[in-house]
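As structure tokens, the structure follows; a few thoughts come after it.
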Amino acid sequence: MPLGKRKKKALIADLPPGVGVSKSESGRGRTFIRVRLGERFTGGSVLKKDFPDVNSAREWIFGDGTTKHKAAPGSIVDLKATAGAAAFTLSAAQLAEAHAAFRACEKAGLTLTKAVEFAVRHSNPPAGTVSVGEAIERALKEKAKSKRPAYIADLKKRWNRFEKWLPAPKKKAINGVGQPDVRKFLNDCSLQPAGERNMLRNLSVLFSWAVKQHHLAANPCLGMTVEEATTKKAPVRILFIEEARKLLHLVTTGFKVEAEENEKELWRGKFGAVSMTVPPMDMVPMMVVGCFAGVRPEESALMTWGMVDFKRKHIDLPAEITKDGNRRIITISDNLGEWLLACRKESARLLPVNFRRKRWALCRAMGWQDGWPEDVLRHSFGSYHLAKHQNAALTAEQMGHQNARMLYRHYREVVKDEADIEEYWALTPAAVAGNIIQLDAAA
């Protein structure tokens, strides 16, 4: 057979039908190997791919013998066997992207289908995309229909802080905010465990609204935990009998506080005077509903005299002003009845004008250098009421607790002296009006 008629030796042996390999040269004289996948192999379009050498081409067609991924680029034969002709409708760039996606999904324990379903569900919410700012505005408007103004104000403050913290791209769509964003925000806030827990709970309210409105597939706060505090919570601060007597005496008879010499300039700038006078009985209603009814400060600030039923001897707090949004009926004890009758008005709120300033003055008069003890009146009621009645369910009901667990955690055995318990519930206007003792700062 003439030399020109001899069959060329194939560059790669045992090629599948429809696959051809040839040696070519570019216009610049660079030699390369071209692999052609014909219609017989792909079942459709002809595909071509160039390689620098024969070994690279062989590896793309047959694999290197080590790959565990049957559909991985680099093993065209296995890809054909696994995916059929459909695999060759993808471009080379798409194949490479699919390869990377498969590997990423394997590390996450997902199939590519599940990952795509998740992405579609989160990126295209049924009700459409809304910005974080718009979600906040709409959620606050809806919550305001059934929640107290103080609660709404707290939500607004926390949500706006979160929205301000978010990077600009994240602000555009609430469905783009994920659990890593929430966790980083909490870390950047540098809150104590209790504060972090409150922040997480309030953010969860916003995301729950977005899920309910179909702007978000899932609440990113769900499943997140907050580190528990390592230190035990200190016992609640209550009024000792001497403190209770002095406090009630001061608000009954009225009092005056004056600035120290080194404070006068500060007082003039802050109050416009170097002394402050609180008239008799002005603060009594707010003090006694805290001491002897356990009304929360924010609830008593919204109370009106119309909520005091002298005939039935109870205080009727409507759902609009209570912390939990539930109506609460509080029994008026005998001594509380005397206090309320002594300062009774036909209407108006119990909250006096400039209450915060007057309460600050009361702290000075009491010798409380660190300011008003947190919830001291309500804590005193809970402790003395539980000590007197020995009925946790009753005390919990009066305080608006859902169960008695909080009472046992905070108030049990805080008051032990029987004489103190008896005297606390015997504090009346007549008992304290002309009786005052001096307390030092340590008290």
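The values are calculated or read from the model by the stated rules, or taken from the named source; none is laboratory data. Keep in mind the model is a prediction, meaning the values are calculated, not measured. Note that each Cβ is placed from the backbone with ideal geometry, even for glycine, and that neighbours are counted across all protein chains shown.
For the reader, a short list of remarks on this structure follows.
- Looking only at residues of segment 317-331 that are touching an Asp or Glu at 6+ places or on another chain (Cβ under 9 Å) and exposed (fewer than 14 other Cβ atoms within 10 Å of the Cβ), we find that the one that is farthest from Leu394 (Cα to Cα) is Arg327.
- Residue list for segment 98-113, filter: surrounded by 13 or more Cβ atoms within 10 Å (Cβ to Cβ) and either over 18 Å from Lys80 (Cα atoms) or of a type in the set (D, E, K, R) (or both): Ala101, Cys105, Glu106, Leu110, Leu112
- If you go through segment 342-357 and pick out every residue that is within 25 Å of Ser275 (Cα to Cα) and in contact with a helix residue (DSSP H, G or I) (Cβ under 9 Å, 6 or more places away or on another chain), you end up with 5.
- Checklist (1) among the aliphatic types (A, V, I, L, M); (2) farther than 30 Å from Asn175 by Cβ; (3) not in a strand (DSSP E or B) applied to Val226, failing item: (2)
- Subset of segment 145-169 that is more than 22 Å from Cys189 (Cβ to Cβ) and exposed (fewer than 15 other Cβ atoms within 10 Å of the Cβ) - its residue that is modelled with the highest pLDDT: Lys145
- Here is the figure for segment 51-78: residues that are at negative phi, modelled with pLDDT under 75 and surrounded by 16 or more Cβ atoms within 10 Å (Cβ to Cβ) total 5.
Here is a yes/no grid of residues against (1) outside the structural domain of Leu341 (by TED's automatic domain parsing); (2) modelled with pLDDT of 95 or more:
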site	(1), (2)
Gly195	yes, no
Pro220	yes, no
Glu228	yes, no
Thr253	no, no
Val257	no, no
Val274	no, no
Pro285	no, yes
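- One residue from Pro285, Pro280 being closer than 29 Å to Trp425 by Cα and outside any loop (DSSP other than H, G, I, E, B): Pro285
- Residue list for segment 159-207, filter: within 21 Å of Thr129 (Cβ to Cβ) and among the hydroxyl-bearing types (Ser, Thr, Tyr): Ser204
- The number of residues in segment 267-303 being under 37 Å from the mean Cα position of the chain (by Cα) and at positive phi comes to 1.
- Breaking point among (1) crowded, with 21+ Cβ neighbours inside 10 Å; (2) of a type in the set (A, V, I, L, M); (3) part of a helix (DSSP H, G or I), for Leu266: (1)
- Any hit, segment 202-223, residues being aromatic (Phe, Trp, Tyr), touching a residue at least 12 places away in the same chain (Cβ under 8 Å) and closer than 30 Å to Pro352 by Cα: no
- Residue within segment 327-341 that is touching a helix residue (DSSP H, G or I) at 6+ places or on another chain (Cβ under 6 Å), part of a helix (DSSP H, G or I) and within 23 Å of Arg148 (Cβ to Cβ) present: no
- Residue that is modelled with the lowest pLDDT, among those in segment 380-432 that are more than 13 Å from Phe292 (Cβ to Cβ), surrounded by 18 or more Cβ atoms within 10 Å (Cβ to Cβ) and within 28 Å of the chain's Cα centre (by Cα): Tyr411
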